[in-house]
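Enquirer: One structure follows; several queries about it will come next.
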Amino acid sequence: MSCCGFWLGAAHRNLATAAVSSSVGEVSSASSRAGKPSSVEPALIKLKKERDPEKLFNLFKANATNKIVVENRFIFEDTVSRLAGAGRLDYIEILLEHQKTLPQGRREGFIIRIIMLYGRARMTKHAVNTFCDMHLYGCARTVKSFNAALKVLTDSRDLHAIDWFLNDVPGRFGIVLDTYSFNIVIKGFCEMGILDKAFLVMAGMGKWGLNPDVFTYTSLIEACYKSNCPEIANGLWSRMVLKGCPPNIVTFNVRIQFMVNKGRTWDANKLLDFMRRLKKSPEFPDEITYNLVIKGFCKMGNLKMAMYVYSAFRSEGYKPNQKIYQTLIHYFCEAREFDMAYNMCKQSMENNWYPSVGTIYNLIEGLSDSDSARMSSYV
């Protein structure tokens, strides 16, 4: 009997197919070097290529004890994703439940993978039951498997189930929660827009002898900015510094994003300059920081400052990325600075980064109107 007495709706969602080509090649090469029979190679290739759900199910079932297949994380995830995409949750249940009865079912790392695979398929009840039933397969539980099940539950957004699992289950199985356990729930509540519950969860960390870390604070700061509560966000920033928990690059970028969104790009630029002086690491500030400030100045119509920040970006040894090119080309076209837009577009295309169709169309039209036929033909 499962310890879980609740039913969680497991509505199916299509899942993207994982890229496994390189993995197949690596495993096949490893098999050859190890002197393994070449018969395992066709199984990997067939699983990758098979598109019929029933044939895929039967093929994986036939290789259920083939370690080279089962221990290949990419093949396993790809198979489950495609069966979920076909709506064959019954096949997924048969395959995963069988895997739990095999020797690998005694390894917590493998059971965590099963839990996460059930989560990918939106089979939340099965994921939680897998955690609750681990002792039936001779597998010891730790906070790691607890966190895996908690993550699946949080993604389901079932508030009652999350509360039950976080508050009742640890005592039942002797699980000692860690900071990551709380961060999972806090991040989930922040994404749901339930800030009061997120703060209550943070307040409960002390009961376990835990303190919020930079990820805790960053999740809450970002949620407060998105909810237009900058005073609370800034208060959290001050508190984390006072508690000896310095903000990381993500925390800084969250604040810069808020400033740019509010039209405070000059303030964002000051914070960028502060980050450059601070230089906590080679990638501090990072590409995202520069992207945000450049776009902020572009939206203000201050292309001169955007190019100034772009030059600083280059002087730090960074190479422009597709986002920066797209932003600059788009706003140069808007300002009818088509020669500058063309130069940026040319550099972008030389790196195999192509602007959006709309941006290219505007650039070609602008170049045609300005008698730059040679440049428009290049684009």
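The values are calculated or read from the model by the stated rules, or taken from the named source; none is laboratory data. All values derive from a computational prediction rather than experimental measurement. Positions of Cβ are backbone-derived with ideal geometry, glycine not excepted, and every protein chain shown enters the neighbour counts.
Enquirer: Right, Gly119: in contact (Cβ under 8 Å) with a residue 60 or more places away in the chain and surrounded by 15 or more Cβ atoms within 10 Å (Cβ to Cβ) or not? Working first, answer last.
Expert: Details: in contact (Cβ under 8 Å) with a residue 60 or more places away in the chain: no; surrounded by 15 or more Cβ atoms within 10 Å (Cβ to Cβ): yes.
So Gly119 fails the test.
Enquirer: Let me ask you something else. Out of (1) loosely packed, with under 15 Cβ neighbours inside 10 Å; (2) assigned to a helix (DSSP H, G or I); (3) modelled with pLDDT of 95 or more; (4) of a type outside the set (Lys, Arg), the odd one out for Gly263 is which?
Expert: Here Gly263 clears every test but (2).
Enquirer: Inside the stretch 46-72, can you point out the residues that are of a type outside the set (S, T, N, Q), assigned to a helix (DSSP H, G or I) and loosely packed, with under 14 Cβ neighbours inside 10 Å? If you could, list the steps in order and put the result at the bottom.
Expert: Kept after step one, since they are of a type outside the set (S, T, N, Q), are these residues of the stretch 46-72: 46-57, 59-62, 64, 67-71.
Next, only the ones that are assigned to a helix (DSSP H, G or I) stay: 46-49, 53-57, 59-62, 67-70.
Answer for the stretch 46-72, where residues must be of a type outside the set (S, T, N, Q), assigned to a helix (DSSP H, G or I) and loosely packed, with under 14 Cβ neighbours inside 10 Å: Lys49, Glu54, Lys55, Lys61, Ala62, Lys67.
Enquirer: Being surrounded by fewer than 18 Cβ atoms within 10 Å (Cβ to Cβ) and outside the structural domain of Lys67 (by TED's automatic domain parsing) is true for just one of Arg107, Arg157. Which residue is that?
Expert: Working: Arg107 fails: outside the structural domain of Lys67 (by TED's automatic domain parsing).
Being surrounded by fewer than 18 Cβ atoms within 10 Å (Cβ to Cβ) and outside the structural domain of Lys67 (by TED's automatic domain parsing) holds for just one of Arg107, Arg157, which is Arg157.
Enquirer: Just checking, how many residues over the stretch 150-201 are in a helix (DSSP H, G or I), β-branched (Val, Ile, Thr) and closer than 17 Å to Ile112 by Cα?
Expert: At the first step, the residues of the stretch 150-201 found to be in a helix (DSSP H, G or I) are 150-156, 159-167, 169-173, 179-192, 195-201.
From what is left, the residues that are β-branched (Val, Ile, Thr) are 152, 154, 162, 169, 179, 184-186, 201.
After this cut, where a residue has to be closer than 17 Å to Ile112 by Cα as well, the list is 152, 154, 169, 184.
Number satisfying all stated conditions: 4.
Enquirer: Consider Arg276 carefully, then state whether it is touching a residue at least 12 places away in the same chain (Cβ under 8 Å), closer than 30 Å to Leu200 by Cβ, of a type outside the set (Phe, Trp, Tyr) and surrounded by fewer than 16 Cβ atoms within 10 Å (Cβ to Cβ). Can you show your working first?
Expert: Working: touching a residue at least 12 places away in the same chain (Cβ under 8 Å): yes; closer than 30 Å to Leu200 by Cβ: no; of a type outside the set (Phe, Trp, Tyr): yes; surrounded by fewer than 16 Cβ atoms within 10 Å (Cβ to Cβ): yes.
It is false that Arg276 is touching a residue at least 12 places away in the same chain (Cβ under 8 Å), closer than 30 Å to Leu200 by Cβ, of a type outside the set (Phe, Trp, Tyr) and surrounded by fewer than 16 Cβ atoms within 10 Å (Cβ to Cβ).
Enquirer: Based on this model, can you work out whether Thr124 counts as among the hydroxyl-bearing types (Ser, Thr, Tyr), out of contact with any Pro (no Cβ under 6 Å at 6 or more places or on another chain) and surrounded by fewer than 22 Cβ atoms within 10 Å (Cβ to Cβ)? Please lay out each step first, then the result.
Expert: Values: among the hydroxyl-bearing types (Ser, Thr, Tyr): yes; out of contact with any Pro (no Cβ under 6 Å at 6 or more places or on another chain): yes; surrounded by fewer than 22 Cβ atoms within 10 Å (Cβ to Cβ): no.
When the stated conditions are applied, Thr124 does not pass them.
Enquirer: Pairs only if they're at least six apart or on different chains, beta carbon under 8 angstrom, first in the stretch 313-326 and outside the structural domain of Trp353 (by TED's automatic domain parsing) and of a type in the set (Lys, Arg), second surrounded by 20 or more Cβ atoms within 10 Å (Cβ to Cβ) and outside any helix (DSSP H, G or I); list them, first residue then second.
Expert: Arg314/Pro320
Enquirer: Do we find that Gly193 is surrounded by 21 or more Cβ atoms within 10 Å (Cβ to Cβ) and under 20 Å from the mean Cα position of the chain (by Cα) in this structure?
Expert: Details: surrounded by 21 or more Cβ atoms within 10 Å (Cβ to Cβ): no; under 20 Å from the mean Cα position of the chain (by Cα): yes.
For Gly193, the condition - surrounded by 21 or more Cβ atoms within 10 Å (Cβ to Cβ) and under 20 Å from the mean Cα position of the chain (by Cα) - is not met.
Enquirer: Then there's this: Only one residue in Lys280, Lys270, Lys299 is more than 19 Å from His330 (Cα to Cα), outside the structural domain of Phe332 (by TED's automatic domain parsing) and either in a helix (DSSP H, G or I) or not basic (Lys, Arg) (or both), so which one is that?
Expert: Details: Lys280 fails: either in a helix (DSSP H, G or I) or not basic (Lys, Arg) (or both); Lys299 fails: more than 19 Å from His330 (Cα to Cα).
None of the other options fit; the residue is Lys270.
Enquirer: Could you tell me which numbered condition Trp353 fails, if it satisfies all but one of (1) in a loop (DSSP other than H, G, I, E, B); (2) crowded, with 23+ Cβ neighbours inside 10 Å; (3) among the aromatic types (Phe, Trp, Tyr)?
Expert: (2)
Enquirer: Take the conditions in the same structural domain as Leu83 (by TED's automatic domain parsing) and of a type in the set (A, V, I, L, M) and apply them to Leu117. Does it pass? Outline the logic, then answer.
Expert: Working: in the same structural domain as Leu83 (by TED's automatic domain parsing): yes; of a type in the set (A, V, I, L, M): yes.
Taking the combined requirement at face value, the residue satisfies it.
Enquirer: Here is a further query. Assess whether Met259 counts as being touching a helix residue (DSSP H, G or I) at 6+ places or on another chain (Cβ under 9 Å), without any contact (Cβ under 8 Å) to a residue 40 or more places away in the chain and within 26 Å of Asp178 (Cβ to Cβ). Steps first, answer last, please.
Expert: Numbers: touching a helix residue (DSSP H, G or I) at 6+ places or on another chain (Cβ under 9 Å): yes; without any contact (Cβ under 8 Å) to a residue 40 or more places away in the chain: yes; within 26 Å of Asp178 (Cβ to Cβ): no.
So Met259 does not fit the description; no.
Enquirer: Six or more apart or on different chains, Cβ under 6 Å: which pairs go from a residue in the stretch 186-215 that's farther than 20 Å from Lys243 by Cβ to one that's surrounded by 14 or more Cβ atoms within 10 Å (Cβ to Cβ) and β-branched (Val, Ile, Thr)? Could you list them?
Expert: Gly188/Thr154
Enquirer: Which pairs have Cβ atoms under 8 Å, sit 6 or more apart or on different chains, and link a residue in the stretch 82-96 that is free of Cβ contacts under 8 Å to residues at least 40 places away in the same chain to one that is of a type in the set (Gly, Ala, Ser) and in a helix (DSSP H, G or I)?
Expert: Ile92/Ala84
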